[in-house]
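**Q** Input: one structure, supplied below.
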Amino acid sequence: MISSQDTIAALATPVGEGGIGVIRVSGSESIPAVDTIFRSAKITHLSQAASHTCWIGKLYANKGKEPPEVIDQVVVTVFRAPHSYTGEDVVEISAHGNPLLLDRILRACLNQGARLAGPGEFTERAFLSGKMDLTQAEAVADLIRAKTDKGQAAAVAQMEGRLAGKIRGLRDRLLPLLAHVEVGLDHSDEDHDFLKRQQLISGCQALEEEIAAILDSAPLGKVLRDGLRVALLGKPNVGKSSLLNSLLNEERAIVTPVPGTTRDTLEETLNWDGIPVVLTDTAGLREYTGDPIEELGIARSRKAAAAADLILGIFDGSGPFSSEDKQVIKECAAFPHIWVVNKSDLPSQWNLSELARLNGGAPAIQISAKTGAGLSTLIRKVKETVLAQSANSGEAGWVLNLRHQDALSRTQEALKQAREAAKSAAFEECVALELQSALRSLGEIIGETPTEELLGQIFSQFCVGK
Ligand code: GDP
């Protein structure tokens, strides 16, 4: 585990020019370290500063030496342990937002004995000092990355302990079941024993069902956190780039009348009523043309299709239905998809009922990327697929990551095993072991006994300074 003895420092604001930039210093030596390079007319030494106070003054590269070299006029905020983000003494230096200047301030702090913080180390310290549990720490990263209001609201709820509260609630109901088993079933009284087993079985079942409901809402949570990934697929020249552009309302992809010019994939995130939608324009699918670069693009298209939550299979309604279109249908059919027939502004050569037949009866959407006709229907249809996911879930919007899902699935499995064991009148030890395993998996989610490896995995995804 990272030693919390060190005092760490990092830039907490983005690199670049800005109104202000903030350097955050945390650890037992943070106040003396900054005090050495700071001078204020308002306070002799920062060590006298009360918690949650701000001090205006000058920050020096070499305080004490002559001539003193001022880096910037800054505001220093002092937070004393345990009333800080990390739970340790923290000093935040707000300076003018110039990257060179902020770099000099950071170096000055490092010269005073602080070391550069690793990714997420401030938040890791907050976790280690018990200021937050693991789900809350993860929510901090989600919040920083959230791309829409809904994603942000879900992250804030998790940061405030919504998921952790739910997990603790499950654990509080599991504990009496385990206690029940551990005090031993009373074999001398068969009726009583039967009753106890029944209670145990129904208790496990209720918990399993509740976990299933949480897991069911995972797809929506994933969409809120990572965005709905929508891939545009179709043979070259059907208007994929044009559609992306009309959806974006800007000229991002290169639109040309020569087939096969979108050789790479392009990604753009849109905000549709709070749902982040990540649109990927692909190179298009077609049989091998002999052009290795284009072939690479096609391989990427397939990859984008496999990674997508939804595929828009695009066709050109003004041209004949070709074997390449058939290929697109074949490639997309295995994934959730919507068929889109483009160029509705031109005379149609398509039999839409034939496409519906190929699509198991579901109608295709006719649009014109050129005029914008049908786009609102398409957007509505995409949104409906997301809402359909949430309608299937009993619990609205549990934003689970893979780690939570994995631990919950293991809890569910252990509960099932415990129930089976109780049913088959197995030894209490078997039931108890399964319930203990269920309890451990729940504990993993909030980080009751975290391993160094797990913490490394979680916090390495953070940015430095958070
Ligand atoms: P991609 O290869 O599938 O990305 O296709 P592009 O977006 O590059 O479009 C190919 C050609 O079709 C371009 O000349 C576009 O201007 C034209 N195009 C795209 N959408 C429409 C449309 O809705 N109507 C008409 N008339 N032309 C379109």
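**Q** Is there a residue being in contact with a helix residue (DSSP H, G or I) (Cβ under 7 Å, 6 or more places away or on another chain) and surrounded by fewer than 16 Cβ atoms within 10 Å (Cβ to Cβ) anywhere in segment 446-456?
**A** The answer is yes; a qualifying residue exists.
**Q** Step by step: first the residues of segment 227-245, then only those that are in contact (Cβ under 8 Å) with a residue 40 or more places away in the chain, in a helix (DSSP H, G or I) and not small (Gly, Ala, Ser), then the one that is nearest to the ligand (Cβ to nearest atom). Which residue is that?
**A** Across segment 227-245, the extreme among qualifying residues is Lys240.
**Q** Could I ask something else about it? For segment 290-335, which positions are at pLDDT below 85, in contact with a Gly (Cβ under 9 Å, 6 or more places away or on another chain) and small (Gly, Ala, Ser)?
**A** Hits for segment 290-335 are Gly297, Ser301, Ala333.
**Q** Restricting attention to segment 352-364, does a residue exist that is near the ligand (Cβ under 10 Å from one of its atoms) and in contact with a helix residue (DSSP H, G or I) (Cβ under 6 Å, 6 or more places away or on another chain)?
**A** no
**Q** Only residues that are in contact (Cβ under 8 Å) with a residue 60 or more places away in the chain and not in a helix (DSSP H, G or I): list them for segment 413-466, please.
**A** Result: Ala425, Gly447, Pro450, Ser460, Gln461, Phe462, Cys463, Val464, Gly465, Lys466.
Here is a yes/no grid of residues against (1) in contact with a Gly (Cβ under 7 Å, 6 or more places away or on another chain); (2) modelled with pLDDT under 90; (3) within 16 Å of Pro176 (Cα to Cα); (4) among the charged types (D, E, K, R):
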| site | (1), (2), (3), (4) |
| --- | --- |
| Ala407 | no, no, no, no |
| Arg410 | no, no, no, yes |
| Arg419 | no, no, yes, yes |
| Ala426 | no, yes, no, no |
| Glu434 | no, no, yes, yes |
| Ile445 | no, no, no, no |
| Gln457 | no, yes, no, no |
| Lys466 | yes, yes, no, yes |
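**Q** Also, I was wondering about something else. Kindly provide the set of residues from segment 342-351 that are hydrophobic (A, V, I, L, M, F, W, C) and more than 10 Å from the ligand (Cβ to nearest atom), ordered by number.
**A** Trp350 - this is the single residue of segment 342-351 that is hydrophobic (A, V, I, L, M, F, W, C) and more than 10 Å from the ligand (Cβ to nearest atom).
**Q** Taking the conditions exactly as written (modelled with pLDDT of 75 or more and either under 25 Å from Lys147 (Cα atoms) or more than 29 Å from the chain's Cα centre (by Cα) (or both)), does Leu285 satisfy them or not?
**A** Working: modelled with pLDDT of 75 or more: no; either under 25 Å from Lys147 (Cα atoms) or more than 29 Å from the chain's Cα centre (by Cα) (or both): yes.
Against the criterion (modelled with pLDDT of 75 or more and either under 25 Å from Lys147 (Cα atoms) or more than 29 Å from the chain's Cα centre (by Cα) (or both)), Leu285 does not qualify.
**Q** Restricting segment 322-340 to residues that are over 20 Å from Ala308 (Cα atoms) and within 16 Å of the ligand (Cβ to nearest atom), which is surrounded by the fewest Cβ atoms within 10 Å (Cβ to Cβ)?
**A** Here the answer is Ser322.
**Q** Right, something else. May I ask you to list the residues in segment 246-271 that are at pLDDT below 85 and not in a loop (DSSP other than H, G, I, E, B)?
**A** Result: Leu248, Leu266, Glu267, Glu268, Thr269, Leu270, Asn271.
**Q** Applying the selection to segment 13-50, what residues are in contact with a Phe, Trp or Tyr (Cβ under 8 Å, 6 or more places away or on another chain) and either part of a strand (DSSP E or B) or of a type in the set (A, V, I, L, M, F, W, C) (or both)?
**A** Arg24, Ser26, Ile37, Phe38, Arg39, Ile43, Leu46, Ala49
**Q** Among the candidates Gln136, Gln158, single out the residue that is open to solvent by 30 Å² or more (accessible area, probe 1.4 Å) and out of contact with any Lys or Arg (no Cβ under 7 Å at 6 or more places or on another chain).
**A** On the way: Gln158 fails: open to solvent by 30 Å² or more (accessible area, probe 1.4 Å).
Being open to solvent by 30 Å² or more (accessible area, probe 1.4 Å) and out of contact with any Lys or Arg (no Cβ under 7 Å at 6 or more places or on another chain) holds for just one of Gln136, Gln158, which is Gln136.
For every residue, the table says whether it meets (1) at pLDDT 95 or above; (2) assigned to a helix (DSSP H, G or I); (3) in contact with a helix residue (DSSP H, G or I) (Cβ under 9 Å, 6 or more places away or on another chain); (4) surrounded by fewer than 21 Cβ atoms within 10 Å (Cβ to Cβ).
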| residue | (1), (2), (3), (4) |
| --- | --- |
| Tyr85 | yes, no, yes, yes |
| Ile93 | yes, no, yes, no |
| Leu143 | no, yes, yes, yes |
| Leu175 | no, yes, yes, yes |
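**Q** Checking Lys370 against (1) of a type in the set (Lys, Arg); (2) modelled with pLDDT of 85 or more; (3) part of a helix (DSSP H, G or I); (4) farther than 30 Å from Leu178 by Cβ, which single condition isn't satisfied?
**A** Going through the list (1) of a type in the set (Lys, Arg); (2) modelled with pLDDT of 85 or more; (3) part of a helix (DSSP H, G or I); (4) farther than 30 Å from Leu178 by Cβ, Lys370 breaks only (3).
**Q** Here's another thing I want to ask about it. What are the residues in segment 320-363 that are in a loop (DSSP other than H, G, I, E, B), without any contact (Cβ under 8 Å) to a residue 40 or more places away in the chain and small (Gly, Ala, Ser), if any?
**A** Result: Ala333, Ala334, Ser344, Ser348, Gly360, Gly361, Ala362.
**Q** For segment 122-133, check the following and say yes or no: at least one residue is touching a helix residue (DSSP H, G or I) at 6+ places or on another chain (Cβ under 9 Å), part of a helix (DSSP H, G or I), modelled with pLDDT of 85 or more and open to solvent by 60 Å² or more (accessible area, probe 1.4 Å).
**A** Checked segment 122-133: at least one residue is touching a helix residue (DSSP H, G or I) at 6+ places or on another chain (Cβ under 9 Å), part of a helix (DSSP H, G or I), modelled with pLDDT of 85 or more and open to solvent by 60 Å² or more (accessible area, probe 1.4 Å).
The values are calculated or read from the model by the stated rules, or taken from the named source; none is laboratory data. Computed from a predicted structure; not experimentally measured. Please note: Cβ atoms are built from the backbone with ideal geometry, for glycine as well, and neighbour counts cover all protein chains shown. Accessible surface is based on the protein model in full, side chains and every heavy atom, while ligands, DNA and RNA are left aside. Shrake-Rupley method; radii C 1.70, N 1.55, O 1.52, S 1.80 Å.
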